[in-house]
Amino acid sequence: MNPRPLMFFGTTNLDLCFNVERLPTPGESLMGKLNRNPGGKGANQAVAAARLGLKPLFYTRLGGDEAGQSLLQSLREAGVRAEAITICAGEVSGSALVLVGDDGSNMIVIDPGANLNVMPAMVESAAAFIAPGALVVAEMGLPISALNRLFEMKSEKGFELIFNPAPVRPGLSPAAWRQVDYVTPNQTEAFELTGVEVTDFDSAAVAASKLLHLGPKAALITLGAQGAFYADAAHSFALRAFPVKVVDTTAAGDAFNGAFAASLAQGLPLRDSVRRALAVAALCVTRRGAQASMPLAAEVDEFLKSQTILELE
């Protein structure tokens, strides 16, 4: 069976990644090793889906600088379709400063650059690439006015919508929230949206209920090393994360979201899609970098096969 059309809307950044022994305290200077990697939440999610064998479309806005050309080439090489991407002369591409400690923890500061200049009319133009019945994934790094317009077009274009509300910001309209099919925050984002501190599956259930009251049809909360919790109006379930040795947590959430979307697009049942997304995130955190850490489909299949054997023993 052919997969459903899949399109991502989001940000692209050049990641300036420093690997350090530990994260610094205020006022402290540390020695580290610098790597320059392609990143950005939307780009990471699209690459995660592409490495799982899909050919996702991606809309983003890049500057007409050397970084923009490099980021575009990287997306194409990963298998992401770039027809909808806009390159803007005179603008600077987004960038992020990422500090990663030896324990896998990170700190990130983002300069959105050209990402900040995405206007509603630009999203309308990009929406022309959305095929009927497509699955669309959006993250909150784009300007809120652009997201409101994209969500408004859901009924007109006939797509299903996954919304990753990161980084959380105010302004998304009540009407836009009601267009969301799946909202996929992590623990911190769930707290920012609901005021419920998510520490385990029980508190995740409370937060998910509040998220559903915002308007989405379903809530899928990731809890890092604990796993993920899903709820809609009819049922809920929790799945444990796969235990792995963590090297770098950068882009783990993007890996999860890209894999969840890819799995749904490939026709996997909901629970299996969440489990596969947890496997992709688990493999992602065992490697350094953002897009470079996204596993291939064969690697995920082999990992899941080994986990099934362990579960049976």
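A few comments on the model shown:
- Assessment of segment 170-183 against the conditions (on the phi > 0 side of the Ramachandran plot and surrounded by 15 or more Cβ atoms within 10 Å (Cβ to Cβ)) yields no matching residue.
- Scoring Asp202 on the criteria (1) among the acidic types (Asp, Glu); (2) over 21 Å from Ala252 (Cβ atoms); (3) in contact (Cβ under 8 Å) with a residue 24 or more places away in the chain leaves a single failure, condition (3).
- Exactly one residue out of Arg271, Arg276 is touching a Phe, Trp or Tyr at 6+ places or on another chain (Cβ under 9 Å) and farther than 23 Å from Asn44 by Cβ, and it is Arg271.
- Scanning segment 86-101 finds no residues that are among the β-branched types (Val, Ile, Thr), closer than 26 Å to Thr249 by Cβ, surrounded by fewer than 23 Cβ atoms within 10 Å (Cβ to Cβ) and touching a helix residue (DSSP H, G or I) at 6+ places or on another chain (Cβ under 7 Å).
- Taking segment 185-269 as the region of interest, the helices (runs of 4 or more DSSP H) fully inside it that hold 3 or more residues being at pLDDT 95 or above and more than 19 Å from Leu161 (Cα to Cα) are 187-194, 201-214.
- Scanning segment 1-56 for residues that are β-branched (Val, Ile, Thr) and touching a strand residue (DSSP E or B) at 6+ places or on another chain (Cβ under 9 Å), we see that the one that is nearest to Glu77 (Cα to Cα) is Val47.
- Arg22 meets each of the listed conditions (1) within 24 Å of Ile144 (Cα to Cα); (2) at pLDDT below 95; (3) surrounded by fewer than 24 Cβ atoms within 10 Å (Cβ to Cβ) apart from (1).
- Looking only at residues in segment 115-137 that are in contact with a Leu (Cβ under 6 Å, 6 or more places away or on another chain) and either farther than 30 Å from Gln266 by Cβ or aliphatic (A, V, I, L, M) (or both), the one that is surrounded by the fewest Cβ atoms within 10 Å (Cβ to Cβ) is Val123.
- Selected residue (only one of Phe8, Phe18 is assigned to a strand (DSSP E or B), of a type outside the set (Ser, Thr, Tyr) and within 22 Å of Ala277 (Cβ to Cβ)): Phe8
- There is no residue in segment 151-158 that is among the hydrophobic types (A, V, I, L, M, F, W, C) and in contact with a Pro (Cβ under 8 Å, 6 or more places away or on another chain).
- Exactly one residue out of Gly53, Gly40 is under 19 Å from the mean Cα position of the chain (by Cα) and surrounded by fewer than 18 Cβ atoms within 10 Å (Cβ to Cβ): that is Gly53.
- Residue satisfying all of: in segment 266-313; surrounded by fewer than 24 Cβ atoms within 10 Å (Cβ to Cβ), touching a strand residue (DSSP E or B) at 6+ places or on another chain (Cβ under 8 Å) and of a type in the set (Gly, Ala, Ser); farthest from Ala50 (Cα to Cα) among these: Gly289
- Test: residue in segment 230-250 that is under 15 Å from the mean Cα position of the chain (by Cα), closer than 24 Å to Val98 by Cβ and in contact (Cβ under 8 Å) with a residue 12 or more places away in the chain: yes
- Taking segment 270-286 as the range and being assigned to a loop (DSSP other than H, G, I, E, B) and among the hydrophobic types (A, V, I, L, M, F, W, C) as the test, only Val285 passes.
- In segment 1-35, of all residues being free of Cβ contacts under 8 Å to residues at least 24 places away in the same chain and farther than 15 Å from Asp248 by Cβ, the one that is nearest to the chain's Cα centre (by Cα) corresponds to Asn2.
The values are calculated or read from the model by the stated rules, or taken from the named source; none is laboratory data. This is a predicted model, so every value here is computed, not measured. Heads up, the Cβs are rebuilt from the backbone with ideal geometry, glycines too, and the neighbour counts pull from every protein chain shown.
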